[in-house]
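The values are calculated or read from the model by the stated rules, or taken from the named source; none is laboratory data. Bear in mind that the values here come from a model prediction, so they are computed numbers and not experimental data. Surface areas here come from the heavy atoms of the whole protein model, side chains and all, with no ligands, DNA or RNA. Shrake-Rupley method; radii C 1.70, N 1.55, O 1.52, S 1.80 Å.
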Amino acid sequence: MAEQQGREPECPVCWNPFNNTFHTPKVLDCCHSFCVECLAHISLVTPTRRRLLCPLCRHPTVLASGQPVTDLPTDTAVLTLLRLEPHHVILEGHQLCLKDHPKSRYFLRQPRVYTLDLGPEPGSQAGHPQDVGPGTRPVPIPSRYSLRERLRNPHFRIFAYMMAVVLCGTVLFIFSIFCTRRFFWGLG
């Protein structure tokens, strides 16, 4: 969607500004762009999940068998206008998932995973009212880095060596105090 009156481009369904996370602009066959969250909602309530109707012009976009709406082409022109790089958002059941990889050359950082619940499964009992609406929450990922992989990181190695030096210095200091006391008590 083109920028209108100096405002940021926004999804014509939810009116949220486009971004590179859950409001990533996706292009349908009719060349209209919508955020991936709105398209995921539409695809989950559509009886035929292989055929997605455009909310503006009703032109059908046929999805391949098993293809989620997150695999539709991203509107890179809008992301370029916003100076954003696209992230890969996936649809798993009734959740959108985004895995954010922190960019760092030196530290082995765990990627953050963000999920967005799209609502309860059809026919399931709805839980508490706060559980029904969509919400974003970070989900921790267990660390899978071994000690060998961590020791390849130069900052971790410097930190480990510094801790070893501090520990050795503390032990030597305590030992020297103990020996000095024994020496002076032995003279008296």
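Overview of values
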quantity	calculated
Under 5 Å, built H, 5+ apart or other chain: amide partners of His59	Cys54
Percent of Cα pairs exceeding the 14 Å cut-off, where the set is the range 1-84	59 percent
With all protein chains modelled, accessible area of Thr70 [1.4 Å, Å²]	10 Å²
